[in-house]
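Remarks on the structure that follows.
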Amino acid sequence: MRVLIIGSLAGELGQAARIAMARGAKLDQADDAETALARLRADARVDLVLCELSHDVGAVVRALAAERIAVPVVACGSNADPDAAVAAIRAGAREFLPLPPDPELIAAILEAAAGETHALIVRDPAMEAAVRRAEQVAAADASVLITGESGTGKEVLARHIHRRSRRAAGAFVALNCAAIPDNLLESELFGHEKGAFSGAIARRVGKFEAADGGTLLLDEISEMDIRLQAKLLRALQEREIDRLGGAAPVRVNVRILATTNRDLPAEVTRGTFREDLYFRLNVISLRIPPLRERPGDIVALAEHFARRYAEVNGLAYRALSPAALARLGGHAWRGNVRELENTIHRAVLLAEGPQIGSEAIEVGPQGQTPTAPHIPGGISGLVGRTMQAVERDLILETLGHTLGNRTHAATILGISIRALRNKLRDYAAQGMPVPPPGAGVAA
């Protein structure tokens with residue numbers, strides 16, 4: 001992932017930069033907000049901004065919003081100035097990174113911004129078949145539609161396809177269509193010219209141009225507004241885009257990969273997804289089976305996550321006991337690999353002794369699919385309360401159940417990630433505490 005740092009790399013911020021690089025991040029640096037904005041307009045591949053508190057974090061956030069640049073900002077500074085940290089969060093910073101830096105906290109922030117761990121772990125024959133099909137078409141330039149439930153690893157497979165393609169030396173640019181509000185998504189995709197809208201003070205390159213010569217992943221494309229789908233279809237057909245406010249089209253050479261956790265033919269029937277766009281994307285279709293259909297992957301993934309989170313948290317690696325593995329194998333994994341990852345991360349922290357025992361594996365009863373959280377008091381506890389209050393409590397308790405993972409929470413609740421995001425925005429506007437996004441979660 002790419003990280004832009006606003007501030008001096010001398011001292012503690014430089015330590016944070018070195019830790020981020022050790023975790024695999026590619027860094028760029030700007031001395032001030034004006035220089036940083038110029039970099040962000042020119043390079044749509046930046047995934048995260050780290051802004052030192054000595055700069056006006058709120059002004060940076062407002063400038064990004066005005067220019068429709070959807071990049072999260074993390075404020076960095078000393079714990080000795082808590083008021084400045086609180087002010088930065090209230091001004092729109094996604095997180096606060098205290099300095100001197102903590103390696104585990106930096107790792108968590110980078111992981112949350114990146115959205116995926118990118119490790120392709122395959123042992124089960126069902127998943128091996130999906131990977132073989134992906135590798136068979138990787139060298140082609142045809143569009144690929146990757147389907148599967150939330151948390152199955154669709155972006156991981158997309159990155160694998162890119163690495164095996166003729167475009168591997170080019171950029172891989174991912175855009176989560178569910179994570180970006182509709183009024184920002186068009187500019188994120190196609191960029192804009194100076195004066196295209198209020199706040200557009202300079203030209204900005206979009207994801208299509210950033211991915212020129214490489215691969216563009218449109219993650220959860222079913223969440224894209226149908227009006228924008230028409231412009232996307234034209235870009236795919238003509239291999240050219242129109243920047244917002246642009247006077248002439250811009251040629252692009254991009255391979256498109258798209259993912260969805262929805263039944264797109266059903267969305268076409270309902271009129272929420274264009275049929276012509278569906279056919280344009282669905283040249284090659286790849287389905288990732290849910291974890292319950294690939295039990296042979298559970299042990300391998302669990303061991304991978306156990307090693308990974310032991311390292312992240314500075315702990316010695318401990319193997320999973322036979323009883324722990326049996327408990328993992330008996331769970332339904334409604335949240336798929338993402339739920340398994342959260343479960344193992346928690347187990348690494350809670351386990352006692354030389355092995356990770358079954359008592360550290362906090363999942364539902366063996367063999368049962370977890371349900372939405374129970375609201376205390378049953379039916380009698382609901383009488384006298386408004387529907388809005390019951391809905392709010394259910395949403396917030398579900399988020400707590402999923403450790404802040406909004407994609408998983410939306411799946412349990414049976415709503416789209418966009419609908420969930422809008423609800424949380426309303427709650428925050430009403431002054432209610434809203435859990436921050438979990439690792440790898442669409443904000």
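Summary table
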quantity	calculated
Label-point separation, Arg292 to Gln355 (7 Å along Cα→Cβ), nm	2.8 nm
Segment Asn282-Ala129, extension gain: residue separation times 0.36 nm, minus the distance between their alpha carbons	53.2 nm
Within segment 250-273, backbone nitrogen closer than 11 Å to the virtual label 7 Å beyond the Cα of Ile226 toward Cβ	267-273
Relative exposure of Glu362, Glu397, Glu341, judged by other C-beta atoms within 10 Å (fewest first)	Glu362, Glu397, Glu341
Neighbour-count ranking [beta-carbon atoms within 10 angstrom, fewest first] of Arg18, Arg418	Arg18, Arg418
FRET efficiency, 1/(1 + (r/R0)^6) with R0 22 Å, evaluated for Asn313 and Gln15 via beta carbons	0.70
Förster radius 35 Å - calculated FRET efficiency between Leu184 and Val268, Cβ distance, rounded to 0.05	0.85
Theoretical gain in end-to-end length, Ala247 to Phe197 [0.36 nm per residue, Cα-Cα removed]	16.6 nm
Cα-Cα separations in segment 1-47 greater than 18 Å, expressed as whole percent	26 percent
Globularity index of the chain, i.e. its alpha-carbon radius of gyration over 2.2 N^0.38 Å	0.99
For Arg318, residues with placed amide H under 5 Å, excluding near neighbours	none
Extension gain, Gln237 back to Arg425 (0.36 nm per residue minus Cα-Cα distance, nm)	64.1 nm
Which of Met432, Met224, Met387 has the fewest Cβ neighbours within 10 Å, and the rest in rising order	Met387, Met432, Met224
Virtual spin-label span in nm between Ala87 and Ala139, 7 Å along Cα→Cβ	6.0 nm
Approximate shape of segment 2-114 as ellipsoid semi-axes (Cα gyration tensor, √5λ), whole Å, largest first	19, 17, 13
Distance between segment 1-33 and segment 234-288 - C-alpha centres, whole angstrom	35 Å
Residues of type lysines that Lys194 reaches as a straight line, Cα spacing below 23 Å, ignoring anything fewer than 8 places off in the same chain	Lys207, Lys231
Convex hull volume per residue in cubic angstrom - Cα atoms of segment 125-289	105 Å³
Ranked packing of 57-68, 328-339, most packed first, by mean Cβ within 10 Å	328-339, 57-68
Unit charges at the beta carbon, dipole of segment 292-360: most positive-side option, Val312, Ala351, Leu301	Leu301
Scattering curve values for segment 292-360, log₁₀ I(q)/I(0), Debye with Cα scatterers, q = 0.18 Å⁻¹	-0.59
Cα pair count fraction exceeding 20 Å, expressed as % - segment 193-312	59 percent
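Every number here is computed from the coordinates shown, using simple stated rules; none is lab data. Note that the structure is predicted; figures quoted are calculated from it, not measured. Backbone-built Cβ (ideal geometry, glycine too); neighbour counts: all protein chains shown.
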